[in-house]
Structure formats: structure tokens, C-alpha cells
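Accompanying notes for the structure given below.
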Amino acid sequence: MEENSTPDTAADRQVQDDLNKLIGTALGVAGDQLEAHGAFLPVGLVVSNDGEISLVAVSPNTVEGETEAELDADEMIADLFEALGQQRAQNRAAAVVCDIHLPDDATDAIHVMAEHSAGVGVSAVRPYHQSADGWAFADPFLEPGELQIWGA
């Protein structure tokens, strides 16, 4: 492990702890919904200034499809980021979790876009697929995230 990869101040540890808490909770919530319902809607999570985690939901948007109204997940994600941006003064970290497709891997994945008020953003991606025994989840991987709530 590189020396620079460990937090060296209490503030750095707080940022890492908040993001780890958000990502772990988001992956757990989405996984539970997949196992119970076979799908999940985009949701937000926040770590308040006093350290409490809460879920943030928006009403599903629909678009008229050929036969019936279909959920517009992209619009829900945009609404979640807008709501979280409006609440940023009360929170020190936030995340949006949604379902994505990974075409190169021919699978779907849980995608968590997390960011901290300290200016740190990280995305977690956890591929999954349905097997004969239920849902199978791969190990998540992390990548740098874009700041949309506390962005410049």
C-alpha cells in the first residue's frame, strides 16, 4: 500500500469514512432491492452534518412509450442531483445510486456516484447478473467521480 493512500489527518479520515459509509449503504440498498424485486429505482443518500445517513427519493417520472408509460430513470437521476444540491448546506456527503448497463461486459451494474463537501468525488460500480440460484454480485470497483453537488 502506498504511503499516500492512507488518510493522514482527522479531516481526511472523516471524508473517507463518510464516502465508505455512503457507498456501502448504497450498494446494500440496491442489492436488497434487486433480490426482493428484480430491479431498483434511482435513489439518493446523504450523510448529514451530524453524521446521520438518510435516503432521499424523488417521484418516478414517466414518458409515454408505445404501449404504456415507462419510467424515465435519467430524469429521476437529474432530479435527485438537483434535490441533493438544494440540500447541500445540511449535508457533508451525498450519493446517487442507479442501475447501468456495461456493454463491454454484457452485464448490468449498480452505479454509486458519491461526493463529499470537501471536494472529493468517487464512483463505485458493482456488476451483477441473475443466475439460476438468484442474483450474483461481482466485487465493486472504484473510479474517480465527477462533482455535481459540490462542484465548482
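Only the coordinates and a few stated rules stand behind these numbers; no lab work does. Please read all numbers here as calculations on a predicted model, not as lab measurements. A quick note on method: Cβ atoms are made from the backbone with ideal geometry, for glycine too, and the neighbour counts reach across all protein chains shown.
Check which residues have an amide H placed less than 5 Å from Asp108's amide H, if you skip close sequence neighbours.
Leu102, Tyr128
Could I get the Rg over Rh figure for the stretch 66-122? Both from C-alpha atoms, Rh via Kirkwood, rounded to two places. Each step should come with its number before you reach the end.
Details: Rg = 14.4 Å, Rh = 13.3 Å.
Looking at the stretch 66-122, the ratio lands at 1.08.
Working from Cα positions, state the angle (0 to 90°, nearest 10) between the long axis of helix 73-86 and the longest principal axis of the chain.
It is inclined by approximately 30 degrees.
(1) 1.10; (2) 1.20; (3) 2.04: which one is Cα Rg over 2.2 N^0.38 Å as calculated from this entry?
Only one listed value fits the structure, namely (1).
Once every DSSP H run of n ≥ 4 in the chain is given -39500 (n - 2.57) and the sum is divided by its residues, what mean residue ellipticity at 222 nm do you get, rounded to the nearest 500 deg cm²/dmol?
Roughly -9500 deg cm²/dmol at 222 nm, from the helical runs in the chain.
Just rank Thr25, Thr9, Thr107, fewest to most, by other beta-carbon atoms within 10 angstrom.
Listed from fewest to most nearby Cβ atoms, that is Thr9, Thr107, Thr25.
Counting alpha carbon pairs within less than 8 Å and at least 6 residues apart, what relative contact order, in whole percent, applies to the chain?
The value is 20 percent.
Enter the angle in degrees (range 0 to 90, nearest 10) between the Cα long axis of helix 10-37 and the first principal axis of the Cα atoms of the chain, meaning the one along which they spread out most.
10 degrees
Arrange Arg88, Arg126, Arg13 by Cβ neighbour counts within 10 Å, fewest through most, would you?
Arg13, Arg88, Arg126
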